[in-house]
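Below is one structure, written out as structure tokens; comments come after it.
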Amino acid sequence: MAQPTPDHGPSALAPADRRDLLPAIEPERQLDDWGFSERVDRVFDRTLYEFYYRVWFRCEVEGIEHVPSAGGALLVSNHAGALPPDAAMITKAVREEHPHPRPVRPLVENFFKGYPGFSMLLPKIGCVPAHPANAHRLLHDEGQLALVFPEGRKGSEKLYKDRYRLRRFGRGGFVETAMRARVPIVPVAVVGAEEAQPIFAHVGVFQKLTRLIYFPITPTFPHLGPLALFAFLPAKFRIRFLPPVRTDAMGDEPWDDSGLVQEVAHEIRARIQEELFDMLAQRESVWLG
Amino acid sequence: MRSRRILITGLSTYWGGRLAQTLEADDEVDAIIGIDRRPPKVELERTEFVQVADHHTLIRRIVQGAEIDTVVDTRLVIDSITTTPRKAHENNVIGTMNILAACGGVDTTVRKVVFRSSAAWYGSEQDDPAFFTEDMTRRHPARTPIERDIVEAESSVRDFAARHPETTVTVLRFAHGLGPDVRTGFSELLALPVVPMILGFDPRLQFVHEDDIAGALAHAVAHDLPGIYNVAADGVLALSEVIGLLRKPAAPILPPWGTGLVLPVIRRLGVRIPPEMRNELRFGRGLDNRRLKASGYRLRYTTRETIERLREHQRLAPLLRDAAGPYRYEREVEDFLRWSPSVRRDPDAEWRPTREQIAQLRRTLDALEQDPQRIEPGEPS
């Protein structure tokens with residue numbers, strides 16, 4: 001009898017040949033196994049995302065050719081804004097600008113799975129709880145694009161005065177996940193999200209009361225209430241996809257070398273930070289770009 | 001190893017009864033013996049029933065007396081709607097210990113143990129992966145008595161497997177079974193005219209059709225599958241999708257906070273949600289069934305098809321309610337039918353030896369081949 005490993009991560013018992021044993025897609029269904037609803041996603045895409053992408057943030061995209069047309073890849077981006085619009089804009093950018101438009105699955109904090117409302121909505125628009133096993137299945141078994149924000153909530157809760165200064169990149173877990181799945185990492189730098197919904201302060205008491213991950217003071221929240229979730233300032237967005245970092249040529253089992261994992265994580269963070277400063281130096285206006 | 005002499009514990013449970021019916025059709029199987037506290041609820045042709053509580057000395061006598069080579073333990077209670085937590089604990093933890101004690105020992109004939117467990121072993125938590133694989137561990141301690149029982153029973157099975165490396169030990173972790181005959185917390189919930197949900201949550205759920213439950217158990221008997229296997233249909237459905245397939249209205253009436261306080265209230269209204277379902281209605285659970293599929297088992301139904309079958313059954317249920325009376329086990333009649341020489345089993349055919357007689361003959365011939373001088377007394381000539 002196989003002894004279960006203490007590791008909760010991707011299964012060592014699901015080798016590559018199990019890929020063809022994935023459940024077949026049933027066309028009669030409205031959701032997929034992750035809970036993604038094409039219908040709900042299309043509604044969001046045609047209304048809110050379309051408006052924000054074209055009119056409000058006037059997104060400009062560079063380097064879309066760095067996103068592979070087939071197979072899995074892990075997009076890694078900086079993160080900002082109380083309710084970060086960057087995930088939706090990167091997803092929309094791949095859908096609009098890429099020669100082979102593909103869905104991007106943002107990996108989101110577990111918190112959302114436990115919060116009423118978010119728990120229902122987020123899977124339907126393609127978000128997947130960030131768990132190493134989930135990421136492995138998406139990237140390796142299903143060959144999809146996943147989007148991760150290694151800063152996590154440390155990125156989205158940071159105050160306006162700290163804008164464009166990247167937080168710690170977790171513990172490098174995203175590098176390990178990409179290595180195990182043998183997919184490339186595509187770093188992404190986003191400028192504009194920091195000004196779209198700047199956070200001026202946090203109120204701890206209300207955070208405890210509402211059980212949200214944080215309770216920020218932004219230009220619109222809390223005085224506009226839940227409506228403020230979609231009230232962003234019209235900052236100009238620039239999204240730059242950087243050349244992919246390959247993880248399949250780093251040795252047999254590079255994820256066991258925690259030094260290498262940290263080094264790659266650090267390198268990716270430095271590249272995004274450098275690119276951000278470069279983009280900011282060229283920017284003439286926050287609102288006009 | 002080919003299983004020929006099989007002991008099924010929990011014959012009166014749905015799982016045990018269906019497995020016995022499936023195995024009866026297999027000519028390679030010489031003997032099927034079922035034990036339980038209560039008489040079986042399904043009609044059986046050649047399975048022998050012994051009414052016995054799970055006391056290990058009695059079970060051991062049966063195992064040795066019948067030279068059992070395969071024990072299928074289907075007796076685990078995985079749902080607290082059918083019994084009290086106390087009785088469930090007695091059955092799940094103490095019962096498992098006794099069954100395993102009866103299977104072990106130096107001179108044991110048992111070569112294979114198949115243990116029916118439940119996916120409730122994994123629990124249901126906020127930080128769970130979307131698809132559990134068999135080698136994952138649970139991060140949180142068990143929350144409900146039933147879950148604790150399942151975890152404890154499985155750990156004693158794991159200990160047994162470690163101590164008996166020559167015995168093939170299979171653990172099957174089943175998703176919730178659905179079908180006309182199986183009764184679980186979810187089958188009761190989905191039978192309601194309006195299905196309650198927790199406001200703001202739409203959990204991902206996975207089921208397995210009752211035919212696949214019996215099929216997977218029989219598959220584990222027919223093949224050597226050491227280790228743990230998830231048994232769940234293909235496809236994970238959101239609860240709203242399940243309710244939609246059943247063409248029923250969903251009622252998100254359970255509050256997201258203080259759900260535990262409301263459950264006793266709605267219980268008074270006749271809606272019973274056992275404690276182990278509380279977290280599942282929030283976070284759900286998905287299983288990775290690829291290991292079972294890699295072992296060669298082909299699931300007959302997807303989760304969606306399982307729900308569709310359930311819907312057909314729910315439509316027919318009011319019409320069929322009184323059509324067929326429930327089966328009642330009558331020991332005298334069953335014994336007569338099995339053993340009386342007056343019973344003509346197959347009137348058209350001429351006399352044929354029974355499987356039992358062939359097996360005995362084969363053994364006698366083997367013994368003669370090894371030692372032609374010795375002819376054991378009492379063997380049939």
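Restricting attention to region B:12-20, does a residue exist that is in contact with a Pro (Cβ under 6 Å, 6 or more places away or on another chain) and either at pLDDT 90 or above or assigned to a loop (DSSP other than H, G, I, E, B) (or both)? Taking every residue of region B:12-20 in turn, at least one turns out to be in contact with a Pro (Cβ under 6 Å, 6 or more places away or on another chain) and either at pLDDT 90 or above or assigned to a loop (DSSP other than H, G, I, E, B) (or both). In region B:95-184, counting only strands (runs of 3 or more DSSP E) that sit wholly within it, the ones holding 1 or more residues that are small (Gly, Ala, Ser) span B:112-118, B:176-178. Of all residues in region B:135-152, those that are closer than 16 Å to B:Asn230 by Cβ have Cβ atoms under 8 Å from Cβ atoms of residues that are in a loop (DSSP other than H, G, I, E, B) and among the β-branched types (Val, Ile, Thr), 6 or more apart or on another chain, in B:Asp135/A:Thr5; B:Thr137/A:Thr5; B:Ile150/B:Ile78.
Table: residues versus (1) touching a residue at least 24 places away in the same chain (Cβ under 8 Å); (2) small (Gly, Ala, Ser); (3) assigned to a helix (DSSP H, G or I).
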residue: B:Trp257; (1), (2), (3): no, no, no
residue: B:Ile266; (1), (2), (3): yes, no, yes
residue: B:Arg282; (1), (2), (3): yes, no, yes
residue: B:Leu299; (1), (2), (3): yes, no, no
residue: B:Glu305; (1), (2), (3): yes, no, yes
residue: B:Glu312; (1), (2), (3): no, no, yes
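For the residues B:Val208, B:Val231, B:Val265, B:Val242, the requirement of being over 18 Å from the mean Cα position of the chain (by Cα) and buried (at least 22 other Cβ atoms within 10 Å of the Cβ) singles out B:Val242. Residues being farther than 23 Å from A:Gly114 by Cβ and assigned to a loop (DSSP other than H, G, I, E, B): count how many of those fall in region A:198-214. Within region A:198-214, residues that are farther than 23 Å from A:Gly114 by Cβ and assigned to a loop (DSSP other than H, G, I, E, B) number 2.
Each row is one residue, and each column tells you yes or no for (1) surrounded by fewer than 17 Cβ atoms within 10 Å (Cβ to Cβ); (2) away from chain A (no Cβ under 14 Å).
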position	(1), (2)
B:Ile59	no, yes
B:Gly65	yes, yes
B:Ile68	no, yes
B:Ile78	no, yes
B:Thr84	yes, yes
B:Leu100	no, no
B:Tyr122	no, no
B:Thr133	no, no
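Reported count of residues in region B:186-197, each being out of contact with any Lys or Arg (no Cβ under 7 Å at 6 or more places or on another chain), more than 14 Å from every other protein chain (Cβ to nearest Cβ) and part of a strand (DSSP E or B), is 1.
Residues in region B:135-167 that are more than 9 Å from chain A (Cβ to nearest Cβ) and touching a Pro at 6+ places or on another chain (Cβ under 6 Å): B:Thr144, B:Pro145.
Restricting attention to region A:211-248 and to residues that are aromatic (Phe, Trp, Tyr) and farther than 24 Å from A:Glu97 by Cα, the residue that is surrounded by the fewest Cβ atoms within 10 Å (Cβ to Cβ) turns out to be A:Tyr214.
Considering (1) more than 19 Å from A:Trp34 (Cα to Cα); (2) out of contact with any helix residue (DSSP H, G or I) (no Cβ under 6 Å at 6 or more places or on another chain); (3) in a helix (DSSP H, G or I); (4) hydrophobic (A, V, I, L, M, F, W, C), the lone condition that B:Met277 does not fulfil carries the number (2).
Examine region A:32-42 for a residue that is surrounded by 20 or more Cβ atoms within 10 Å (Cβ to Cβ) and away from every other protein chain (no Cβ under 14 Å), and state whether such a residue exists. There is no residue in region A:32-42 that is surrounded by 20 or more Cβ atoms within 10 Å (Cβ to Cβ) and away from every other protein chain (no Cβ under 14 Å). Selection of region B:135-174 for residues being among the β-branched types (Val, Ile, Thr) and surrounded by 15 or more Cβ atoms within 10 Å (Cβ to Cβ) yields B:Thr144, B:Ile146, B:Ile150, B:Val151, B:Val157, B:Thr167, B:Thr168, B:Val169, B:Thr170, B:Val171. Filtering A:Glu109, A:Glu96 for residues that are surrounded by fewer than 22 Cβ atoms within 10 Å (Cβ to Cβ), within 12 Å of the chain's Cα centre (by Cα) and of a type outside the set (Gly, Ala, Ser) leaves a single hit, A:Glu109. Hey, can you tell me all the residues within region A:237-264 that are within 23 Å of A:Gly72 (Cβ to Cβ) and touching a strand residue (DSSP E or B) at 6+ places or on another chain (Cβ under 9 Å)? Within region A:237-264, A:Ile239, A:Arg240, A:Phe241, A:Leu242, A:Pro243, A:Pro244, A:Val245, A:Arg246, A:Thr247, A:Val264 qualify. The residues on offer are B:Arg247, B:Arg298, B:Arg290, and the sole one that is under 21 Å from B:Leu190 (Cβ atoms) and of a type in the set (D, E, K, R) is B:Arg247. Do we have A:Arg58 as surrounded by fewer than 14 Cβ atoms within 10 Å (Cβ to Cβ) and more than 9 Å from chain B (Cβ to nearest Cβ) here? In short, no. Picking from residues in region A:153-195 that are assigned to a loop (DSSP other than H, G, I, E, B) and under 18 Å from A:Asn110 (Cα atoms), the one that is modelled with the lowest pLDDT is A:Gly170.
The single condition from (1) within 9 Å of chain A (Cβ to nearest Cβ); (2) basic (Lys, Arg); (3) in contact (Cβ under 8 Å) with a residue 12 or more places away in the chain that B:Lys293 fails is (3).
Kindly evaluate A:His140 against the criterion of being within 13 Å of chain B (Cβ to nearest Cβ) and either among the acidic types (Asp, Glu) or more than 16 Å from the chain's Cα centre (by Cα) (or both). So A:His140 passes the test. Filtering region A:153-197 to residues that are touching a helix residue (DSSP H, G or I) at 6+ places or on another chain (Cβ under 8 Å), closer than 27 Å to A:Gly289 by Cα, surrounded by fewer than 22 Cβ atoms within 10 Å (Cβ to Cβ) and not charged (D, E, K, R) leaves A:Tyr160, A:Tyr164, A:Leu166.
Taking the listed residues B:Ala31, B:Ala53, the one that is loosely packed, with under 15 Cβ neighbours inside 10 Å, more than 15 Å from the chain's Cα centre (by Cα) and small (Gly, Ala, Ser) is B:Ala53, with no other qualifying.
Taking the criterion of being part of a loop (DSSP other than H, G, I, E, B) and either at negative phi or in contact with a strand residue (DSSP E or B) (Cβ under 8 Å, 6 or more places away or on another chain) (or both), the residues of region B:284-297 that qualify are B:Arg285, B:Gly286, B:Asp288, B:Asn289, B:Ser295, B:Tyr297.
Residue count for region A:112-128, restricted to those that are out of contact with any Leu (no Cβ under 7 Å at 6 or more places or on another chain), under 26 Å from A:Phe237 (Cβ atoms), facing chain B (nearest Cβ under 10 Å) and surrounded by 22 or more Cβ atoms within 10 Å (Cβ to Cβ): 2. The set of residues in region B:215-228 that are away from every other protein chain (no Cβ under 14 Å) and surrounded by fewer than 19 Cβ atoms within 10 Å (Cβ to Cβ) comprises B:Ala222, B:His223. Among residues of region B:198-214 being outside any strand (DSSP E or B) and within 7 Å of chain A (Cβ to nearest Cβ), the one that is farthest from B:Pro129 (Cα to Cα) is B:Leu199. Among the criteria (1) under 24 Å from A:His202 (Cβ atoms); (2) among the aliphatic types (A, V, I, L, M); (3) within 14 Å of chain B (Cβ to nearest Cβ), the one A:Ala133 does not fulfil is (1). For A:Arg182, the conditions (1) within 15 Å of A:Gly72 (Cα to Cα); (2) within 14 Å of another protein chain (Cβ to nearest Cβ); (3) basic (Lys, Arg) all hold with the exception of (2).
The values are calculated or read from the model by the stated rules, or taken from the named source; none is laboratory data. Computed from a predicted structure; not experimentally measured. Using ideal geometry, Cβ is built from the backbone for each residue, glycine included, and neighbour counts are taken over all protein chains shown.
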